[in-house]
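Step one of this worksheet: look at the structure below.
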Amino acid sequence: MTTAPPAVPVPSAPRHRPDGSPWPDRLWRDATAVLAANWSHDHTVPSRRLYPHQWSWDSAFISIGLAHTAPDRAWQDLRALFAAQWPDGRVPHIVFDRATAERDYFPGPAFWAAPAAPGGTTGLVQPPLHALAAWAVYRTCADRDPAAAGRELAWLYPRLVAQQDYLADRRDTGGAGLVSIVHPWESGLDNSPAWDDALAAVPADGRLLRRYQRRDVQVADAAHRPTDVDYARYIALAAAYRDTGYDDSAPLAFRVECPAVNSIYASAEQALARIAVVLGADPAPHHARAAAVTEALTRRLYDPDTGMFHALDVLAGARTPARCVSGVLPLMLPGLPADVAATLLAQRPVLGMPYSSYDRTAADFDPLRYWRGPVWINVNWLLWRAARDRGLPGLAGELRSAMLGLVTEAGFYEYYHPDTGAGIGAPAFSWTAALTLDLLAHP
Ligand code: 9WN
């Protein structure tokens, strides 16, 4: 689908700053222009230079924004991703653009190729945010064209169910009903200190980085990216998984239950329950799995002493002490016990407003290096949604103002300095633009 998107409607809803002055109109236009510039054949790339392919959870966030300005593209982004779904149900973390050269991204398609694996994608996954996105896109588009929106939802539903079933059947390493990730990239919070303890057990073989060349540090500031030691571990883990033929029952060196991934996994079931009702399917199994995951998450990953959730290294049987923004994302879950939710809401002094990716009081808090301090719009947007769903208009309003303030001042960056608000990482970043549209559309 390469046709130009339709004219861009500017939302009629008032969208004011806390002092009553309006957010600039250019925000809507500029965000729309970023998404138009990042459209590539049949999907949106996160960033032209740094990430020139299709990424899984990026497409979910992007479709939510596109629904407001270019509904066909919103559905098409999800369709392109699910067209690359593997026969076992996994939705790959990257779908490689065939028109993009191997040298433009590392590790590219040649690195990931394995004999029995479908080509052109990685074999990793990312947080299963797509059911939530499909539901959000449907809600935005159904008024305008209910029949088309219903058709898209019906196409996606069995594929979304297969995505969840893959995670339930193949990734429950801990045996408690939670998803384990096998690589930090699967969390989407790639360089988070939440993985440091589990990663320490993975040899950092410098020869790997001499054999391959990092592309990210050629197009982004190395101080904003993972260190060479961490990158060597990422490559070693990815190569080892590839060499098993992406076999989830093989002995792998990294198996971690992440609170963010599992919150999104449970939220997907809630979204699927709503979708099932629209399609005349049975929502009960979705409600049941959402409740079971919420219960297991609270039992296994919540620490009453810190008042937040912590990633669990399943192989070592230990929870990381690191306090990361992933540890408050279970606020997304309506079934969370009220006393637990209250302790998560009390973490503001630790994470700041907008929420930083990592504990601002930690000795190794790094305001520049990605996922180790900076502010990300996507996780703040998830928390904004959670605040609205929980009936917390004060917190929702603060988050919305803080996010719109950052993009107004700095532009649509990949992430932001938590103290100065300066944009860091890739400029013209798709999910930041897309979620800005969604924020503007919801006063
Ligand atoms: C590896 C595309 C992706 C995001 C991730 C973010 C970053 C890639 C990288 O960019 O990861 O997947 O090369 O660092 O951490 O959340 O999906 O935007």
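Tabulated results
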| read-out | value |
| --- | --- |
| In nm, spacing of pseudo-spin labels at residue 196 and residue 239 (7 Å Cα→C-beta vector) | 2.6 |
| Length released on extending from residue 277 to residue 228, taking residue separation times 0.36 nm less the Cα-Cα span | 12.8 nm |
| Highest average packing first - 195-206, 257-268, 160-171, Cβ atoms within 10 Å | 257-268, 160-171, 195-206 |
| Rg/Rg_globular for the chain, with Rg_globular taken as 2.2 N^0.38 Å and Rg from C-alpha atoms | 0.91 |
| Cβ-based exposure ranking for 436, 173, in which fewest neighbours within 10 Å come first | 173, 436 |
| Label zone at residue 83, where the point sits 7 Å out along the Cα-to-Cβ direction: region 15-44 residues whose backbone N lies under 15 Å | 40-44 |
| CD proxy at 222 nm, helix term only [per DSSP H run n ≥ 4: -39500 (n - 2.57); per residue of the chain; nearest 500] | -14500 deg cm²/dmol |
| Cα shape, region 236-344, gyration tensor, a/c 1.5 rule | oblate |
| Label-point separation, residue 338 to residue 176 (7 Å along Cα→Cβ), nm | 2.6 |
| Backbone N within region 409-428 under 18 Å of label point (7 Å from residue 17 Cα along the Cβ vector) | 409-412, 420-423 |
| Proxy reagent accessibility, fewest Cβ within 10 Å first, across 323, 255, 214 | 214, 255, 323 |
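Any read-out appearing in this document is the output of simple, stated calculations on the displayed coordinates, not a laboratory observation. Nothing here was measured: the structure is a model prediction, and the numbers come from that model. Here the Cβ is made from the backbone with ideal geometry for all residues, glycine too, and neighbour counts use every protein chain on show.
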